[in-house]
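Only one structure is covered here, and it is reproduced in the block below.
The values are calculated or read from the model by the stated rules, or taken from the named source; none is laboratory data. Quick caveat: nothing in here was measured; it's all calculated off a predicted structure. Heads up, the Cβs are rebuilt from the backbone with ideal geometry, glycines too, and the neighbour counts pull from every protein chain shown. Remember, those area values only see protein heavy atoms, side chains included, never the ligands or the DNA or RNA. Shrake-Rupley method; radii C 1.70, N 1.55, O 1.52, S 1.80 Å.
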Amino acid sequence: MDVLRWEDVPVEQLSPTIGRQLLNTERMTFARVLLAKGAVVPEHRHPHEQVATLLQGRLRFVVDGEAREVGPGESVALAPDVPHAVEALEESVVLDVFAPVRDDWLRGDDAYLRGDA
């Protein structure tokens with residue numbers, strides 16, 4: 001049995017307002033995303049199923065044109081290829097789970113996260 005610890009995973013600073021830690025299994029990606037107040041993840045889509053669970057803070061999700069605020073302990077389930085964006089209303093920490101593995105992130109094909117939002 002593998003025991004993985006977030007404190008052992010370095011934070012990759014994607015932009016001045018977005019940091020990310022990644023853990024991957026054979027079939028899934030777990031990401032702990034650290035968002036400063038005002039951070040924006042612009043609208044994007046991907047072929048992965050995703051569940052985003054807010055651990056701390058407050059986020060505004062816009063999923064397929066519908067806006068919704070989410071607080072700690074709430075999750076947003078996203079089907080593959082659905083357009084979505086996120087704005088951090090407060091300093092926030094979100095746990096994202098993706099299936100299959102985010103191989104695009106492993107390759108560095110994540111320019112939408114690396115802006116100065």
Distance (nanometres) between label positions extended 7 Å along Cα→Cβ at Val9 and Arg45: 2.7
Size of electric dipole in the range 11-70: Cβ of Lys, Arg +1 and of Asp, Glu -1, about Cα centre, debye, nearest 20: 220
Solvent-accessible area, 1.4 Å probe, carbon plus sulfur percent, for the chain: 51
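Counting only heavy atoms of protein chains, what accessible area per residue, in Å², does the range 1-112 have with a probe of 1.4 Å?
Values: 6370 Å² over 112 residues.
I get 57 Å² per residue for the range 1-112.
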Gain upon complete extension [Gln56, Ala77; 0.36 nm per residue less C-alpha separation]: 5.8 nm
Dipole magnitude (debye, nearest 20) for the chain, charges at Cβ of Lys, Arg, Asp, Glu: 140
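Check each of the GluC sites (Glu not before Pro) in the range 78-117 and keep only those in coil by DSSP with at most 15 other C-beta atoms within 10 angstrom; list them in order.
The qualifying sites are Glu90, Glu91.
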Prolate/oblate/rounded label for the chain (Cα gyration tensor, a/c 1.5): rounded
Euclidean distance between Cα centres, the range 55-76 to the range 5-40, Å: 17
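Rounded, prolate or oblate: which one fits the range 17-67, using the alpha carbon gyration tensor with axes a ≥ b ≥ c (rounded when a/c is under 1.5, else prolate when a/b beats b/c, else oblate)?
On the way: a/c = 1.96, a/b = 1.23, b/c = 1.60.
It comes out oblate by the Cα gyration axes.
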